[in-house]
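The values are calculated or read from the model by the stated rules, or taken from the named source; none is laboratory data. Since the structure is predicted, the reported quantities are computational estimates derived from the model, not experimental observations. So basically every Cβ, Gly included, is an ideal-geometry build from the backbone, and we count neighbours across all protein chains shown.
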Amino acid sequence: MKIAIIPARGGSKRLPGKNIKDLAGKPMIAWTIEAALESQVFDYVFVSTDDEKIAEVAKTAGAKVPFLRPAELASDEATTNDVITHLVDWFESEFNQQVSTLAIFQPTSPLRNAQHIKEAMQLMEEKSAKAVVSVCKVEYPIQFCNTLGTDGSMDGFIKPENLKRTQELEPYYRLNGAIYLFEKGYIDKLTDIYSKGTYAYVMDTKKSTDIDTLEDFQKAELILKYMMVNNEYT
C-alpha cells in the first residue's frame, strides 16, 4: 500500500493558525491535501494532527483523519519520525495491510502540486530508488557566502577560484521540504534517508516557498494568485 501523510500540528508560534489560514481562497492545508489526492498516486491520504479545527478542515478537503495525535506526539519534542511511525503502526494494525511506500507532504509547501508528486513518483520508479526528496537551486551562489569573524574582516571571504561570474559557478541545491517519498524501510530511521539509493527531484525555486512566517505566507499567496490568473498552477 502507498500512503501519504500530512503532518499538521496546531501550535504554530511564528504564524498562529497557519495550517488553516485562508491562502488564496482556501485553507493552506487544503492545497497540499488536494495535490496529494489529485496525483492519484496513493491508496490513502492521511492528516496527522493534534488540533480539532485542523482535523475538520482536513476532512472537508478530502483527507482521512482517523484520530487526534496522543499528547506525547503533540509536543515540541515529538519528531516527524515519531509521528509517521505511530500512524503507520496504527494503519497496518487497523487495516491488516502492509505499507510499502510512504510520502510526507508538509502543509507549509502549498505550491507543490499534483504534477510534482506524480513526477517524483515516476522518478522513484525509474531509478528503482529507495527514496526521492525534492530540492531546488540555491537562490544565490553559495560560493559567495562565508562566516565573519568578530572584527568583520573579509580577508579570504571568497576563495580566488570562485571570483567568477554567477553563471560560471557550479549550481548548488537545497532541500525545499515539499516532497519526501520513501520505502517503508526508512520508518524509525528517517535521518538515514540522505544516502545511496535516494535521488533528488528538482523543483522550480518559485514553487519551493516554505511557509514559516507571515512574510512567507504573503509571498506564497501572491505567487498562487498570479499562477491561478495565468493558468500556471499545474
In the range 165-184, the residues that are free of Cβ contacts under 8 Å to residues at least 40 places away in the same chain, surrounded by 12 or more Cβ atoms within 10 Å (Cβ to Cβ) and either in a loop (DSSP other than H, G, I, E, B) or of a type in the set (Phe, Trp, Tyr) (or both): Leu169, Tyr172, Tyr173
Filter result for Ala8 (closer than 18 Å to Asp212 by Cβ, under 18 Å from the mean Cα position of the chain (by Cα) and surrounded by 14 or more Cβ atoms within 10 Å (Cβ to Cβ)): yes
Answer from Leu111, Leu87 - the residue that is out of contact with any helix residue (DSSP H, G or I) (no Cβ under 8 Å at 6 or more places or on another chain), outside any strand (DSSP E or B) and surrounded by 20 or more Cβ atoms within 10 Å (Cβ to Cβ): Leu87
Selection status of Tyr173, closer than 19 Å to Thr32 by Cβ and in contact with a strand residue (DSSP E or B) (Cβ under 6 Å, 6 or more places away or on another chain): no
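When you go through Lys2, Lys53, Lys13 one by one, which is the residue that is under 22 Å from Tyr180 (Cβ atoms) and of a type outside the set (A, V, I, L, M)?
Lys2
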Answer residue from the range 185-211, given it is exposed (fewer than 15 other Cβ atoms within 10 Å of the Cβ) and charged (D, E, K, R) and is farthest from the chain's Cα centre (by Cα) among those: Lys196
Enumeration of residues in the range 185-207 that are out of contact with any His (no Cβ under 8 Å at 6 or more places or on another chain) and in a strand (DSSP E or B): Thr198, Tyr199, Ala200, Val202
Candidate set: the range 114-128, residues that are in contact with a helix residue (DSSP H, G or I) (Cβ under 8 Å, 6 or more places away or on another chain) and surrounded by 20 or more Cβ atoms within 10 Å (Cβ to Cβ); chosen: the one nearest to Leu222 (Cα to Cα): His116
Residues located in the range 60-75, provided they are in contact (Cβ under 8 Å) with a residue 12 or more places away in the chain and among the charged types (D, E, K, R): Lys64, Arg69
Candidate set from the range 129-164 (those that are of a type outside the set (A, V, I, L, M, F, W, C) and in a strand (DSSP E or B)); member that is surrounded by the fewest Cβ atoms within 10 Å (Cβ to Cβ): Lys137
Tally, over the range 3-42, of residues that are of a type outside the set (S, T, N, Q), part of a loop (DSSP other than H, G, I, E, B) and under 25 Å from Met124 (Cβ atoms): 2
Where Pro70 falls short, out of the listed (1) within 23 Å of Lys184 (Cα to Cα); (2) surrounded by fewer than 20 Cβ atoms within 10 Å (Cβ to Cβ); (3) at pLDDT 95 or above: (3)
Odd one out for Gln98, checked against (1) surrounded by fewer than 19 Cβ atoms within 10 Å (Cβ to Cβ); (2) touching a residue at least 60 places away in the same chain (Cβ under 8 Å); (3) within 30 Å of Ile20 (Cβ to Cβ): (3)
